Amino acid sequence: MKRRLSVAVLAIAGLFGTTACGSGGGPVANGEMPTEIKIVSVTDKTGLTAFGGQPQFRGIELAVDQINEQNYLGGSRFALRSRDAASDTQTAVSQAVEATADRSVSAMIGGISSAQAIAISPLAERSGLPTIYTQSASNGVLIGDYTFRATPPQTTHVATSMAHLQQLGVKRLSVLYNAGNPALAQMAEKNLVEGQAKYGFEIVSATSVQNSTQDFATSASKIAAEQPDAVAFLLVGAQNATAMRQLRQAGYAGPVLGQTGAGTNNLVPAGADGAGMFWTTNFTVDQPFPSSQAFVAAYRAKYGEDPVNYAAEGYDAAWMLAHAVKAAGGASREDIQRGLEIVLENGFEGAQGSIGFEGHDMRTPGVLIEWNGTREIVLMEPAKI
């Protein structure tokens, strides 16, 4: 599968080399503010990762509506072209090639999949098309001047969760983690291990599972028998609810350190058994930043539902582009890249709160939350960056 994808990417890259002028119009000149500034969204509206791609696109769409309605860019408006990668990497690459080859396209917002981002980034860099991803936390995504990320890696937030363990007086910690997810493996094998001395706990055991694991009864019984002060579950999506139910059934009733994959209602099936799991996230609907609450109100008004973190990230990615155009005073690819560097230096207030950057990678203070059996509640308010 990897070989077929590599061949496809090379073939598409060759196509890009022969179609750089594109058929969608001429390039925007440096320093020019055209009536329409074309941006392309390549995300997963359908397929396995539509749970994140669909709200991400809704956040982008809301931001573009606001930017245009507010005349934020004066006489210029964002013209958003939406593409559905359908959770398929080769489809995403093909759509990205179309965007990079069309010289009238000024910028692109990528999806949430690291596999897609890693394949697209070389094309974005070669064509000089500013591209902002959300999620996509793997290495190989941010590779040059034209690739950016509007999601802070959750490994930058885990210290807040470990500090909460210390506040709870935790001395013994049992860990269960999904080794198939690079970010979760890093949290278990590096961040938690290094945090023992600083935060005063000892890892009693660390058990790995894979993306395909659906039954955690054996691991839950083993952990309960260890009688730890706390448990760390670093699992993906629906795994969290199953593991929490089985852990409670095994007799463990204490606190559980989780991560953002437990959010977006993934703990709903666990009900009361999920209560007591806490984690640090870049966004929740109750975080107190004025810019966050303004986003929540606008999202509810437009879509009739609460936003999740994927929506907040898409929203901030689109506003990053708007701030960049305004800072640069132009909408060419080169202008936007230069404007994004200014945005990185200054930061801004967005759906995720007070936003800063480390290199081309977003940073936020994060907010500590806990699942109380029915919803997420804020345990600790974030600070400003």
Please find, in a Gaussian network model of the chain (springs between Cα atoms separated by less than 10 Å), the residue of Gln239, Gln249, Gln54 whose mean-square fluctuation is greatest.
Gln249
Under 5 Å between amide hydrogens, which residues at least 5 positions from Arg363 or on another chain qualify, with H placed 1.01 Å from N in the peptide plane?
Gly356, Phe357, Glu358
Using the Cα gyration tensor of region 108-212, with a ≥ b ≥ c the square roots of its eigenvalues, what is the shape: rounded (a/c below 1.5), prolate (a/b larger than b/c) or oblate (neither)?
prolate
What residue among Ser174, Ser212, Ser94 shows peak mean-square fluctuation when the chain is described by a Gaussian network model with Cα springs under 10 Å?
Ser212
Enumerate the calculated ³J(HN,Hα) couplings along region 82-98 in order (Karplus 6.51 cos²θ - 1.76 cosθ + 1.60, θ = phi - 60°), each rounded to whole Hz, writing x wherever the residue is Gly or Pro.
9, 10, 9, 6, 6, 6, 10, 5, 5, 5, 4, 5, 4, 5, 5, 4, 4
Below 10 angstrom from the Cβ of Thr46, what's the summed charge of the other residues (Lys, Arg +1; Asp, Glu -1)?
-2
Towards the positive end of the charge dipole of the chain, with charges on Cβ (+1 Lys, Arg; -1 Asp, Glu), say which of Gln287, Asn372, Pro182 has the farthest Cα.
Pro182
For Phe216, what residues show an amide H to amide H distance below 5 Å, using hydrogens built from the backbone and excluding near sequence neighbours?
none
Grab the Cα-Cα distance for Asp215 and Ala297, subtract it from 0.36 nm times how many residues apart they are, and report the gain in nm with one decimal.
25.6 nm
Just need log10 I(q)/I(0) for region 253-328 at q = 0.18, 0.20 Å⁻¹, Debye formula, equal scatterers on the alpha-carbon atoms, no solvent, rounded to two decimals.
-0.84, -0.96
Whether region 78-131 is rounded, prolate or oblate, judged on the alpha carbon gyration tensor where a/c under 1.5 counts as rounded
oblate
If you stretched the chain out fully between Asn346 and Glu32, how much longer would it get, using 0.36 nm times the residue separation minus the C-alpha to C-alpha distance?
110.7 nm
Measure of exposure for Glu370: accessible area at 1.4 Å probe, Å² rounded to 10, is 50
The chain - mean residue ellipticity at 222 nm from DSSP helices (-39,500 (n - 2.57) per run, n ≥ 4, rounded to 500)
-13000 deg cm²/dmol
How large is the accessible surface per residue of the chain, computed with a 1.4 Å probe and reported in Å² as a whole number?
39
Dipole axis of the chain (+1 Lys, Arg; -1 Asp, Glu on Cβ), positive-most option in Asn139, Pro255, Leu129
Asn139
Lys pairs in the chain with Cα under 28 Å (8 or more apart in sequence, or on separate chains) total 16
Convert each backbone phi in region 141-149 into a coupling constant with the Karplus relation 6.51 cos²θ - 1.76 cosθ + 1.60 (shift: θ = phi - 60°), then list the ³J(HN,Hα) values in order as whole Hz, x for Gly and Pro.
8, 9, 10, x, 6, 10, 10, 9, 9
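The values are calculated or read from the model by the stated rules, or taken from the named source; none is laboratory data. In this text the structure is predicted, and so the values were computed from the model without any measurement. Reconstructed Cβ throughout: ideal geometry from the backbone, glycine too, with neighbour counts over all protein chains shown. Side chains included, ligands, DNA and RNA excluded: accessible areas come from the protein's heavy atoms. Shrake-Rupley method; radii C 1.70, N 1.55, O 1.52, S 1.80 Å.
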